[in-house]
Amino acid sequence: MFSTLLWLEEVSSTQDFLKEKSLPLWSVVVANRQTRGRGRLGRQWHSQEGGLYFSFSMPQGIKDENTLPLVLSNAVADYLKSLGFIPAIKWVNDVYVQGKKLCGILTERLKDKIIVGIGINLNQESFPKDIDAISLRKIKGEIYDKAGFLLNLLDYLGKAIEKLSQKGFCAFKEDIEQRLLFKDSEVILYTPKPVVGILQGIDTDGSLLLLTQEGIKSFQVGEITLRAL
Ligand code: BTN
């Protein structure tokens, strides 16, 4: 499925690189460092040496395309599980391990394709104080082979995309719900207007289901945090 693989020492953002260059669909661009790594909602993605930062392009129009962030998070979680970790998915595009962020996924829809960007904290020894993140190295005390990790992960991602395009989101819903961070807990969803509710699960279209004072409501966008007692 994936075609060209381009490995760069440093780039502003693998996401922007893929947007600017006309590489064939399913190209993968990796960088050891990004000087302007981007996250969702215009946030910065801290991209110092040690992490795995890559983007790939894919065609638009696959079945249940809007659920890609969740489905890809689940594929990352599947791969982490095969390595012995216990990952959780924070709706809608993050993978957490030991209660901290390990991976973030950004999907951007262009005119003619989708660009998916994935950042994984692999071998970082530490993070800036204001970032509540963890790396696989910090958990296991091992240094991971970045290329091997990437190739295996691409296999998981490719298979998940194939399954989504053939069977749709219903084939993933149960697995994702089982891994959902904060399930059955009271959360605040910033839409950006804050909505308080108990996280029930996800709907058949991947939206978040919250039990609010007005009953169960479904949300397509937003950012959740646990409501402090
Ligand atoms: C998020 O958690 O908000 C998503 C983070 C996505 C980061 C990746 S790193 C590779 C690719 N290049 C970028 O500039 N961003 C994505």
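The values are calculated or read from the model by the stated rules, or taken from the named source; none is laboratory data. Since this is a predicted model, take the numbers as computed values, not measurements. Counting neighbours? That spans all protein chains shown, and the Cβs are built from the backbone with ideal geometry, glycine included. Side chains included, ligands, DNA and RNA excluded: accessible areas come from the protein's heavy atoms. Shrake-Rupley method; radii C 1.70, N 1.55, O 1.52, S 1.80 Å.
For the stretch 54-80, what are the residues that are open to solvent by 10 Å² or more (accessible area, probe 1.4 Å) and among the hydrophobic types (A, V, I, L, M, F, W, C)? I'd like the intermediate steps shown before the answer.
Going through the stretch 54-80, the residues open to solvent by 10 Å² or more (accessible area, probe 1.4 Å) turn out to be 59-66, 69, 78-79.
Answer for the stretch 54-80, where residues must be open to solvent by 10 Å² or more (accessible area, probe 1.4 Å) and among the hydrophobic types (A, V, I, L, M, F, W, C): just ILE62.
Which fully enclosed strands (runs of 3 or more DSSP E) of the stretch 111-229 have 2 or more residues being under 23 Å from GLY50 (Cα atoms)? Steps first, please.
Numbers: elements: 113-120, 186-190, 194-202, 208-212, 215-219, 223-226.
Qualifying strands (runs of 3 or more DSSP E): 113-120.
Here is a list: GLY42, GLY50. Which entry is over 15 Å from the mean Cα position of the chain (by Cα), open to solvent by less than 20 Å² (accessible area, probe 1.4 Å) and more than 9 Å from the ligand (Cβ to nearest atom)?
Values: GLY42 fails: open to solvent by less than 20 Å² (accessible area, probe 1.4 Å).
Just a single option satisfies the conditions, and that option is GLY50.
Would you tally the residues in the stretch 141-178 being open to solvent by 60 Å² or more (accessible area, probe 1.4 Å) and not aliphatic (A, V, I, L, M)? Write out each step before concluding.
We begin by selecting, within the stretch 141-178, every residue open to solvent by 60 Å² or more (accessible area, probe 1.4 Å); these are 141-143, 145, 151-152, 155-156, 159, 162-163, 166-167, 170, 174-175, 178.
Next, only the ones that are not aliphatic (A, V, I, L, M) stay: 141-142, 145, 152, 155-156, 159, 162-163, 166-167, 170, 174-175, 178.
Selection size over the stretch 141-178: 15.
Determine if the stretch 107-116 includes at least one residue that is crowded, with 16+ Cβ neighbours inside 10 Å, under 16 Å from the mean Cα position of the chain (by Cα) and more than 15 Å from the ligand (Cβ to nearest atom).
No.
Search the stretch 126-140 for residues being more than 15 Å from the ligand (Cβ to nearest atom) and at pLDDT 95 or above, and hand back the single one that is most open to solvent (accessible area, probe 1.4 Å).
LYS138
Evaluate the following for ARG36: is it modelled with pLDDT under 95 and within 16 Å of the ligand (Cβ to nearest atom)? Break it down into steps so the answer makes sense when it comes.
Details: modelled with pLDDT under 95: no; within 16 Å of the ligand (Cβ to nearest atom): yes.
Spelling it out, it is not the case that ARG36 is modelled with pLDDT under 95 and within 16 Å of the ligand (Cβ to nearest atom).
LYS113 passes all but one of (1) under 20 Å from THR225 (Cβ atoms); (2) in contact with a strand residue (DSSP E or B) (Cβ under 6 Å, 6 or more places away or on another chain); which number fails?
(1)
Would you call LEU83 within 13 Å of the ligand (Cβ to nearest atom) and either surrounded by 19 or more Cβ atoms within 10 Å (Cβ to Cβ) or assigned by TED's automatic domain parsing to the domain that holds GLY104 (or both)? Explain how you work it out, then say what you get.
Values: within 13 Å of the ligand (Cβ to nearest atom): no; either surrounded by 19 or more Cβ atoms within 10 Å (Cβ to Cβ) or assigned by TED's automatic domain parsing to the domain that holds GLY104 (or both): yes.
Judged against the criteria, LEU83 is not a match.
Among LEU189, LEU211, LEU136, LEU122, which is outside the structural domain of ASP78 (by TED's automatic domain parsing) and under 19 Å from LYS101 (Cβ atoms)?
On inspection, the qualifying residue turns out to be LEU189.
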